[in-house]
Amino acid sequence: MKKIIVMSSLLAGAVLLFSGCARNMSANSYSAKAISGQAMESYPCTVLSVRKVMIEESDYLEDNKTGALLGAVAGGVGGNMIGQGKGRTLATGLGALAGAAAGAYAEKALKQQEGFEYIVRLDNGKTKTVVQGTDTILAPGQRAILIEGNGRARLVAAA
C-alpha cells in the first residue's frame, strides 16, 4: 500500500508540474510584456477557410526532457520497491526506462492543444494564414479583423 501512495504522489506532482507547460494560443489573451507601449497593425478581412489543427510545442519527443527525467525518477523509485537483489536492480532499471518514455509522452501530450487554421483575404487583396486556439470561432465568409504585432497574429470577429 505504501508503494502505491509513493507512486501516486510522484505522478500527481509530475502532472501538476507539466500543467504549466502548455502554451496559450488564445486570440483573447495578451502578454503585458509583449504589448506594453507597442502599436499593432489591424487589417479588415474575410475568412476564406477554416480547418481544425493540432498545435504542438515540438515535433520531437526528445524535446520533452523534463517529462523524461521525472518519469525516469518515478519509474526508478517504483521499480526499486519491487523484489530483492539482482531482481530489484533490474526492476529499478526497467522502471526508470519505462518511466522516462512515459514521462516524455505525457509532457508532449500536455504541450498540445487544438486550434484552427484560418485563411483570410485582406481587403487589400493579400491572403494570409493564421493559426490560433479554439476560443474564437470564425466561419468562412465571415468578416474579421487580423491583428498583427510583436511576432504574433490573431483573428477576431469584426463588429
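Each label point was placed 7 Å from the Cα along the Cα-to-Cβ direction; for residue 117 and residue 90 their separation is 4.8 nm. Each other residue within a Cβ distance under 14 Å of residue 49 adds +1 if Lys or Arg and -1 if Asp or Glu, for a net charge of +3.
Taking a sphere under 14 Å around the Cβ of residue 157 and counting the other residues whose Cβ falls inside, with K and R at +1 and D and E at -1, yields a net charge of +1. Taking label points 7 Å from Cα along the Cα-to-Cβ direction, residue 46 and residue 101 give a separation of 5.3 nm. Compared with the alpha-carbon gap, the fully stretched path from residue 143 to residue 129 is longer by 3.6 nm at 0.36 nm per residue.
The numbers here are math on the coordinates, done by the rules we state, and not lab data. Treat the numbers as computed from the prediction; the structure is a model and nothing was measured. Reconstructed Cβ throughout: ideal geometry from the backbone, glycine too, with neighbour counts over all protein chains shown.
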